[in-house]
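A short worksheet on the structure shown next.
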Amino acid sequence: MAMCVVLMGASTWVQVVKADELNSHSKNRRAIWQWLGDARGPILAGGVEVANSVPVDDEFTNQRQYGGGDPAVAMTYSSITGFQSWYQSRGLEKYSDDYLSSNSDRLVFSRLRDVLTGRQPQGAAVETTIVPAVQEAAFEALRCDRASANCLLAPDGNYYLEGAIVAIEPSTGKILAMVSTPAFDPNPLASHDAGTATQAYNDLTCPGHPDIGHATAAECKTRAAAIGDPMNNKAITERYFPGSTFKIITAAAALETGRYTPHSMLYGPRELTLPQSSRPLTNYGGSECNRGSDQVSLADSMKVSCNTSFAQLGLDLGQEALRQQAQAFGFDGAKGDVRIPMPVTMSKFPDSDRLDSPPYLAYSSIGQDEVQATPLQMAMVSAAIANRGTMMQPYLVHQVKAPNLSVLSQTHPKEIGKPVSPQTADQLAQMMELVVTSGSATPAQIPGVRVAAKTGTAQDGEKAPHVWFTGFAPVNNPQVAVVVFVKNGGDAGGAATGGKVAAPMAKKVIEAVLNR
């Protein structure tokens with residue numbers, strides 16, 4: 001009896017108490033077989049499988065495949081799918097794993113049926129909101145010529161700028177396209193040969209290191225940056241100075257007070273002397289905002305992207321008004337953790353103590369100093385304005401279907417706030433439309449389509465500036481809000497501006513949405 005009790009205790013200890021630890025142990029070969037060999041469900045975009053599992057003749061029986069095995073297609077969707085490899089995964093492969101691997105509680109009856117019938121368990125299909133034509137247009141827009149500077153070589157043999165593009169349906173929050181470049185081919189990472197998969201991972205995260213086993217995190221970060229950090233999704237994980245695109249938020253803060261209209265006159269000299277500073281703030285290229293006058297309307301300030309008038313406006317409004325407006329749009333995590341389902345890095349407005357200094361407040365008003373935003377955040381700003389002041393939760397997964405095609409989960413549009421009133425949104429839309437018709441974003445003009453936008457050229461220390469475009473179209477019936485971000489000027493270098501570099505790319509994406 002004592003031996004029976006001991007044996008029962010040992011079995012309980014191994015099978016219950018230690019089960020999770022043993023199951024996840026790095027030397028548990030059975031767990032690795034299941035991880036790599038499961039018949040995972042497909043990831044779909046527009047009904048097309050951009051990730052799926054195919055039968056193979058090895059010990060794992062199933063192989064994960066991306067883009068049908070075509071590197072160019074796999075790269076186009078790598079910011080969506082991520083990858084599944086030995087011991088790790090990213091993107092939807094990670095954040096929809098329960099469904100893809102059939103481990104979700106909602107698939108319990110499907111698993112039971114497979115056990116009783118002797119069939120291999122099948123994962124659920126994850127249907128994304130991505131529109132292939134729009135995703136492909138966005139990916140192609142970031143492609144550049146091999147002879148240009150700052151064009152980074154990708155696995156498909158082409159060259160791409162370092163940047164990101166996001167397109168959102170304003171009325172629902174559906175993400176129609178999300179691209180981060182340079183992209184990567186997930187297929188080598190999914191190899192069943194551990195050496196091949198490890199080498200592919202090292203080539204992306206610490207390329208060319210002679211002794212990868214002793215590489216420091218700092219060394220690998222520097223090496224990865226040299227090839228454009230292809231593993232980092234710049235649309236949602238990286239924050240950058242938003243530059244003049246932040247002027248939308250400063251203008252919104254002014255309009256929301258009720259003391260300003262688009263016709264209100266602002267002080268906008270060629271140079272603005274800042275309190276507690278010996279260095280004047282200037283406009284781009286040292287230009288005037290309104291030739292022959294230090295006064296310029298709020299609408300014209302937006303149209304020509306006047307730094308001095310917006311900096312003075314920020315000083316007049318004060319830091320609390322700006323902070324409250326930025327947070328109303330989602331900065332500082334004011335809307336809670338944003339997940340699409342991948343987590344989105346929180347955009348940041350500077351701390352109160354810092355902005356007690358007028359120069360820092362002035363520069364924050366034009367999207368500089370310590371203001372930091374993700375491309376998705378700035379797309380959400382334009383989407384809220386397009387939707388007449390109502391901000392919708394962005395999402396990437398439309399629905400999840402079981403192997404028998406029953407719907408396990410479906411995402412419904414969700415309102416997450418009203419950062420501005422409908423009246424303010426309409427006024428901002430009118431001013432942003434002027435930016436396209438006769439301001440800094442004229443390259444985004446589309447015949448017969450009313451486009452609203454704001455460009456940005458954000459200083460980044462001694463490096464070439466980041467360039468931005470955020471806007472929506474058509475103004476009278478918004479179908480898409482789009483943001484384009486190109487790091488450090490792309491192939492235009494120090495001569496880059498948002499209008500010159502980013503606006504033509506945004507035009508291609510908007511046209512793809514309207515022509516779908």
Are any residues in the range 334-368 within 16 Å of Glu320 (Cα to Cα) and surrounded by fewer than 20 Cβ atoms within 10 Å (Cβ to Cβ), and if so, which ones?
Ala334, Lys348, Asp351, Ser352, Asp353, Arg354, Asp356, Ser357, Pro358, Pro359
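Just to verify a result, which residue in the range 371-408, among those that are hydrophobic (A, V, I, L, M, F, W, C), buried (at least 19 other Cβ atoms within 10 Å of the Cβ) and assigned to a strand (DSSP E or B), is farthest from the chain's Cα centre (by Cα)?
Of everything passing the filter in the range 371-408, Val400 is farthest from the chain's Cα centre (by Cα).
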Which residue out of Arg259, Arg279 is surrounded by fewer than 24 Cβ atoms within 10 Å (Cβ to Cβ), modelled with pLDDT under 95 and basic (Lys, Arg)?
Arg279
Within the range 458-474, can one find any residue that is in contact (Cβ under 8 Å) with a residue 40 or more places away in the chain and of a type in the set (Asp, Glu)?
yes
In the set Ser352, Ser364, Ser301, which member is over 30 Å from Val397 (Cα atoms) and at pLDDT below 95?
Ser352
Of these, Thr282, Thr308, which one is β-branched (Val, Ile, Thr) and either in contact with a helix residue (DSSP H, G or I) (Cβ under 7 Å, 6 or more places away or on another chain) or free of Cβ contacts under 8 Å to residues at least 40 places away in the same chain (or both)?
Thr282
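Residues checked against (1) modelled with pLDDT under 95; (2) hydrophobic (A, V, I, L, M, F, W, C); (3) under 25 Å from Gly490 (Cα atoms):
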position: Tyr159; (1), (2), (3): yes, no, yes
position: Ile165; (1), (2), (3): no, yes, yes
position: Gly208; (1), (2), (3): yes, no, yes
position: Gly213; (1), (2), (3): yes, no, no
position: Ala226; (1), (2), (3): yes, yes, yes
position: Met231; (1), (2), (3): yes, yes, yes
position: Ala251; (1), (2), (3): no, yes, no
position: Ala254; (1), (2), (3): no, yes, no
Pairs needed: first member in the range 1-14, aliphatic (A, V, I, L, M); second member anywhere, surrounded by 10 or more Cβ atoms within 10 Å (Cβ to Cβ) and modelled with pLDDT under 90; C-beta distance under 9 Å; at least 6 residues apart or different chains.
Val14/Leu22
So in the range 259-297, with the set limited to residues that are among the β-branched types (Val, Ile, Thr) and part of a loop (DSSP other than H, G, I, E, B), which one is nearest to Leu428 (Cα to Cα)?
Thr261
Scan the range 282-298 for residues that are more than 22 Å from Arg259 (Cβ to Cβ) and surrounded by 11 or more Cβ atoms within 10 Å (Cβ to Cβ) and jot them down.
Thr282, Asn283, Tyr284, Ser287, Glu288
For the range 234-243, indicate whether the set of residues that are touching a residue at least 60 places away in the same chain (Cβ under 8 Å), β-branched (Val, Ile, Thr) and outside the structural domain of Gly389 (by TED's automatic domain parsing) is non-empty.
yes
Number of positions in the range 390-408 that are small (Gly, Ala, Ser) and free of Cβ contacts under 8 Å to residues at least 60 places away in the same chain
1
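Yes/no matrix, rows are residues, columns are (1) buried (at least 22 other Cβ atoms within 10 Å of the Cβ); (2) touching a residue at least 60 places away in the same chain (Cβ under 8 Å); (3) not assigned by TED's automatic domain parsing to the domain that holds Ser301:
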{"position": "Gln410", "(1), (2), (3)": "no, no, yes"}
{"position": "Ser421", "(1), (2), (3)": "no, yes, no"}
{"position": "Leu428", "(1), (2), (3)": "yes, yes, no"}
{"position": "Met431", "(1), (2), (3)": "yes, yes, no"}
{"position": "Ala441", "(1), (2), (3)": "yes, yes, no"}
{"position": "Gly489", "(1), (2), (3)": "yes, yes, no"}
{"position": "Lys500", "(1), (2), (3)": "no, no, no"}
{"position": "Pro504", "(1), (2), (3)": "no, yes, no"}
{"position": "Lys507", "(1), (2), (3)": "yes, yes, no"}
If you take the residues in the range 444-454 that are touching a residue at least 40 places away in the same chain (Cβ under 8 Å) and either β-branched (Val, Ile, Thr) or touching a strand residue (DSSP E or B) at 6+ places or on another chain (Cβ under 9 Å) (or both), which one is surrounded by the fewest Cβ atoms within 10 Å (Cβ to Cβ)?
Ile446
I'm trying to understand the selection: among the residues of the range 460-485, which are modelled with pLDDT under 95 and crowded, with 23+ Cβ neighbours inside 10 Å?
Pro465, His466
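The values are calculated or read from the model by the stated rules, or taken from the named source; none is laboratory data. Computed from a predicted structure; not experimentally measured. A quick note on method: Cβ atoms are made from the backbone with ideal geometry, for glycine too, and the neighbour counts reach across all protein chains shown.
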